[in-house]
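Quick note: the coordinates plus some simple rules give every number you see, no bench work behind them. Predicted model, so just to flag it, every value in this text is computed and none were measured. A quick note on method: Cβ atoms are made from the backbone with ideal geometry, for glycine too, and the neighbour counts reach across all protein chains shown.
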Amino acid sequence: MTRRLAAAIAAATGSALLLAGCVGGSGGADATTADGPQTVTWWTWNAISPDDTIKQFEDANPNITVDYKLYSYSDYVTAIRTGLTSSDGPDVFQLQPGDLVTNLGPLALPLDDDLAANGGTDNINAAGLAQLQLDGKQVALPSYMSGAGLIYYNASILDQLGVSVPKNFDEWKAACATIEAAGYDCLAHGAKDAWANTDVYLSLINSIDPGIVYDAIEGKADWTGDSFIQAMQAWSDLFTSGIIPSGSTAAAEYPDAFGDLLTKKAAFIALGTWNTPGTMTKEGIEVSQGTVTEPIDSVYLSAPFPAPVTGDEPTGLFGGPDNGWAVSAKSDAQTAALKFLNFLSLGGGQNIQAANGNFPAVLDVPVATDDVIDQRQVADIEKQQSDLQNLVGARQLPYADLSTALGDALSAVAAGTASPADAMAQVQAVSASLSR
């Protein structure tokens, strides 16, 4: 996940990722029979320790060669559909819950029979499987799990000021007053990014009325209902109260807001478990240090995003598989491709994820905690892994138009150009127009 952090920062700042490997895949000349030498092409925008992954797999499967091609996320989205419908596409490719599963799942080989033959589903995170299904078929297997609904905080600042971690907005506003009086911003936030805004909104609505947002996503609840407007009012309150500082609507989550956390300009940031290695492990801090000039010398911990209503519980984690692996239905090396996919999602690839600080989808593989900065972080990381087995719901919206509408509504309210009620009416209008 430290490498994932570096890739995320690079993508967010517009840096291009290099392409590696060669084409072949579903029509590659090296794909022969299931018993002879085969080449599996592997397309991804985010792979953890790909060199180590390929070496371990090829050592265990000497008749299979993996050709690896790494894209930036935007280039991947552009290339993958054409690749999957041509003779030059991948054998194994990456999917993400939501829109990518909806659009690319029909081009993937159903994995249900192969999964049953390799031990079944009992030892795999249930949400990791469910969010990579389409029309009742398992179209991908999870790479690793991630969840949002957390704040990460600079424990060194809070300890210095005698500030407790807030559990609700009233406590947070009081904490922010002390923090700001000491010269720090409170919650660093990149409100320029729709995904970051949506994560916060889901944190709010899942505290106010846990799970109702997933009914609305499927058209079974109205986005103009009281809970949804209350959550949007709480979103507005983050800006008008100063919890989120002025100027945040022009900032990106990476590198702007995250950089403010790392350089002691702000005490809090709203992120998810993918942020843990980059703030809690020695190797991750080294990667993060490369993104800022000031020395990183603080201890970071996480807590649930504070409840907007005093007396309510903060949200539980929401999320699922950060991404997953699928086999092209057009692949002419499917036997080899399935072996590689099973290595990634069920075998040694899960140990590689854990060693890099990711949260494996296989339940009995513990995430590594031997590289933490502070021993308090061990219990923090272990709690995150446990909570990932009891998610409130998904993080991604499976309908692109609805996701865009919610992002636009949040941007308008943050900028003060729309009221919470009017913004949610626009979301409901889009929701009502969807064909589900």
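With only Lys, Arg, Asp and Glu charged, each at its Cβ (+1 for the first two, -1 for the last two), find how big the charge dipole of the chain is about the Cα centre; round to the nearest 20 debye.
Rounded to the nearest 20 debye, it is 340 debye.
With each label point set 7 Å from Cα along the Cα-Cβ vector, what nm distance links residue 160 and residue 283?
Label at residue 160, label at residue 283, 3.0 nm between them.
Could you size up the charge dipole of the stretch 216-348 around its Cα centre, putting +1 on the beta carbon of Lys and Arg and -1 on that of Asp and Glu, and report it in debye to the nearest 20?
380 debye
Dimensions of the chain along principal axes (Cα, Å, largest first)?
In descending order, the Cα extents are 69, 49, 38 Å.
Which whole-number percentage describes the relative contact order of the chain, with Cα contacts under 8 Å and a sequence gap of 6 or more?
25 percent
Among the lysines, select those whose C-alpha is under 27 Å from the C-alpha of residue 383, and discard any that sit fewer than 8 residues away in the same chain.
167, 173, 264, 282
For the stretch 349-412, count all C-alpha to C-alpha pairs, find those more than 16 Å apart, and express that count as a whole percent of the total.
Of the Cα pairs, 60 percent sit more than 16 Å apart.
Search the structure for amide H atoms under 5 Å from the amide H of residue 325, placed 1.01 Å from N in the peptide plane, and list their residues when 5 or more places away or on another chain.
Correct list: 95, 141, 143.
Of the residues 264, 383, 167, which exhibits the maximal mean-square fluctuation in a Gaussian network model of the chain defined by a 10 Å Cα contact cut-off?
Residue with maximal mean-square fluctuation among 264, 383, 167: 383.
Mind checking the full-extension length gain between residue 375 and residue 312? Use 0.36 nm per residue of separation minus the Cα-Cα distance, one decimal, nm.
My answer for the length gained is 19.7 nm.
Mark the label point 7 Å from the Cα of residue 303 along Cα→Cβ and return the residues of the stretch 225-252 whose backbone N is within less than 17 Å of it.
Hits in the stretch 225-252 for residue 303 at 17 Å: 243-244.
With θ set to phi - 60° and the Karplus curve 6.51 cos²θ - 1.76 cosθ + 1.60, what are the ³J(HN,Hα) couplings of the stretch 365-376 in order, to the nearest whole Hz, using x for Gly and Pro?
Once θ is set to phi - 60°, the couplings for the stretch 365-376 become 9, x, 5, 5, 10, 7, 10, 5, 7, 9, 5, 4 Hz.
Quick one: Debye curve from the C-alpha atoms of the stretch 56-142, no solvent, what's log10 I(q)/I(0) at q = 0.19 Å⁻¹?
Taken in order of the listed q values, log10 I(q)/I(0) reads -1.03.
Quick check on the chain: of the DSSP beta bridges with both residues there, what percent are antiparallel, nearest 5%?
Within the chain, antiparallel bridges account for around 70 percent of the total.
Report Rg(Cα)/(2.2 N^0.38 Å) for the stretch 270-312, keeping two decimals.
1.48
For the chain, modelled as a GNM with alpha-carbon contacts under 10 angstrom, which of 206, 351, 103 fluctuates the most?
Looking only at 206, 351, 103, the largest GNM fluctuation is found for 103.
Would you grab the residues whose amide H sits under 5 Å from the one on residue 134? Only those 5+ places off in sequence or on another chain, please, with H modelled 1.01 Å from N.
Residues meeting the amide H criterion: 139.
Evaluated at 37 °C with a viscosity of 0.692 mPa s, what Stokes-Einstein diffusion coefficient in µm²/s does the stretch 92-157 have when Rh comes from the Kirkwood expression over alpha-carbon pairs?
243 µm²/s
Please list 3J(HN,Hα) in residue order for the stretch 48-59, calculated via the Karplus relation 6.51 cos²θ - 1.76 cosθ + 1.60 where θ = phi - 60°; whole Hz, with x for glycine and proline.
After applying 6.51 cos²θ - 1.76 cosθ + 1.60, I find 8, 6, x, 5, 5, 4, 5, 4, 4, 5, 5, 4 Hz.
Take the alpha carbon atoms of the stretch 32-111, find their center, do the same for the stretch 191-218, and report the distance between the two centers in whole angstrom.
So the separation of the two Cα centres works out to 31 Å.
Quick one: grab Rg to one decimal and Dmax as a whole number for the stretch 165-209, Cα atoms only, in Å.
Spelled out, the Cα radius of gyration and Dmax of the stretch 165-209 are 12.4, 35 Å.
Could you quote the convex hull projected area for the stretch 282-436, Cα atoms only and averaged over all directions, in nm²?
14.7 nm²
Against the globular-protein guess of 2.2 N^0.38 Å, express the Cα radius of gyration of the stretch 180-270 as a ratio, rounded to two decimals.
The value comes to 1.19.
What residue among 386, 328, 72 has the largest mean-square fluctuation in a Gaussian network model of the chain, using Cα springs under 10 Å?
386
Would you please calculate the Kirkwood hydrodynamic radius of the stretch 87-244 over all C-alpha pairs and express it in Å, rounded to one decimal?
Every distinct Cα pair counted, the radius reaches 19.1 Å.
For the modelled label position 7 Å from the Cα of residue 419 along Cα-to-Cβ, which residues of the stretch 215-235 have backbone nitrogen atoms closer than 14 Å?
229-230, 233
Grab the other residues whose beta carbon is less than 14 angstrom from that of residue 112, score K and R as +1, D and E as -1, and report the net.
My count for the surroundings of residue 112 gives -2.
Residue 150's amide H: which non-local residues (gap 5+, or another chain) put their own amide H closer than 5 Å, with H modeled 1.01 Å from N in plane and none for Pro or chain starts?
For residue 150, whose amide H was placed from the backbone, the distant partners under 5 Å are 271, 305.
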